[in-house]
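> Below you will find the structure I want to go over with you.
The values are calculated or read from the model by the stated rules, or taken from the named source; none is laboratory data. Remember, it's a predicted structure, so these values are computed and weren't measured experimentally. Backbone-built Cβ (ideal geometry, glycine too); neighbour counts: all protein chains shown.
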Amino acid sequence: MSALYVVATPIGNLDDLSARVISTLKKVDLITAEDTRRTGLLLKHLGIERPMVSVHDHNEKQQTLDLIGRIKSGADIALVSDAGTPLISDPGFHLVKQCHVESIPVIPIAGPSAVTAALSAAGIATDRFSFEGFVPAKNKARLQFYQKLANESRTQVFFEAPHRIELSLQALEDAVGGARQLSICRELTKAFEQIVQGTVVELRQALDSGEIPQKGEFVLVLARAERSFDADTDRLLLALLPELSPSKAAAIAARLTSEPKSQLYDRALELKLLLECNLTWR
């Protein structure tokens, strides 16, 4: 049965192309691309000639009907973005969703992603994270965007444009303070790749000084908010821990306080360690 292949392409370094990506692009009947000119350069580099159709935010819904019809008629189609994994802040959602509605196989051809590349090298916790896409372009919306996420308990990943990066970090500092840990990942996998970690204020100053050039593509990885619990919550956990495991103590405390269970569990582990150290000292 014909299928839609969701094909990841390099975010900068062409050596990141996998053999499976190349073989898929060679065998499909049609390639849908956000920018056919940019994808055309990649295909030329690979010596591949295939017809292409442009699918972008303004025509995706209209193009989806035609592409679904082609797949049903026997065509294999590859969906690619300008760089990285399709649908990650790129078009393709409507096409993929409609394929599922029509029981058409959707086959991911995995590969590079700026999101996971940044997370893997940022040096910031990756056990729980959220990808928030591009930071809003307008000043008021940008500040409100960061303010809404200021107390997020997960690591956050953003895309930002070079001509807005300085204003973006100023808004971020206004929203979350200057002490939060941040990693700036610039030009990932490219010749002038740069990954710098520090506090928000330190990295804003590095931008101001030119230590971090305001050029290229930016991925920001922001550390989660560190939550502090009041004395009543600590007393509740301390009362439960002698009789219960940290997991069960956190579950009960979450029901009684409405605090996130995952954070209460982390706090319960800290308190249990303190209790054990105290008992050992005695």
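> Just one of the numbered conditions (1) under 14 Å from the mean Cα position of the chain (by Cα); (2) surrounded by 14 or more Cβ atoms within 10 Å (Cβ to Cβ) is not true of Leu207; which one?
Going through (1) under 14 Å from the mean Cα position of the chain (by Cα); (2) surrounded by 14 or more Cβ atoms within 10 Å (Cβ to Cβ) one by one, Leu207 breaks only (1).
> Can I ask one more? Has region 216-225 got any residue that is surrounded by fewer than 19 Cβ atoms within 10 Å (Cβ to Cβ) and either more than 19 Å from the chain's Cα centre (by Cα) or of a type in the set (Ser, Thr, Tyr) (or both)?
The answer is no, given that none of the residues of region 216-225 is surrounded by fewer than 19 Cβ atoms within 10 Å (Cβ to Cβ) and either more than 19 Å from the chain's Cα centre (by Cα) or of a type in the set (Ser, Thr, Tyr) (or both).
> Can you name the number of the only condition in (1) free of Cβ contacts under 8 Å to residues at least 60 places away in the same chain; (2) of a type in the set (Ser, Thr, Tyr); (3) surrounded by 15 or more Cβ atoms within 10 Å (Cβ to Cβ) that Ser23 fails?
Status for Ser23: all satisfied but (3).
> Continuing with the same structure: Would you say Arg267 is touching a helix residue (DSSP H, G or I) at 6+ places or on another chain (Cβ under 7 Å), modelled with pLDDT under 90, crowded, with 17+ Cβ neighbours inside 10 Å and not β-branched (Val, Ile, Thr)?
yes
> In region 45-60, which residues are more than 19 Å from Asp29 (Cβ to Cβ) and touching an Asp or Glu at 6+ places or on another chain (Cβ under 7 Å)?
Scanning region 45-60 gives a single hit, His56.
> I want to confirm something. Restricting to region 249-264 and keeping residues that are part of a helix (DSSP H, G or I) and of a type in the set (Ser, Thr, Tyr), which single residue is surrounded by the fewest Cβ atoms within 10 Å (Cβ to Cβ)?
So the residue we want is Ser262.
> May I pose another question? Please specify each residue of region 237-248 satisfying the condition of being outside any loop (DSSP other than H, G, I, E, B) and surrounded by 18 or more Cβ atoms within 10 Å (Cβ to Cβ).
Listed by number, the residues that qualify are Leu237, Leu240, Pro246.
> Sticking with this one: If you go through region 119-133 one residue at a time, how many are at negative phi and either outside any helix (DSSP H, G or I) or of a type in the set (Asp, Glu) (or both)?
9
> Something else: Looking only at region 176-224, how many residues end up being among the aromatic types (Phe, Trp, Tyr) and in contact with a helix residue (DSSP H, G or I) (Cβ under 8 Å, 6 or more places away or on another chain)?
1
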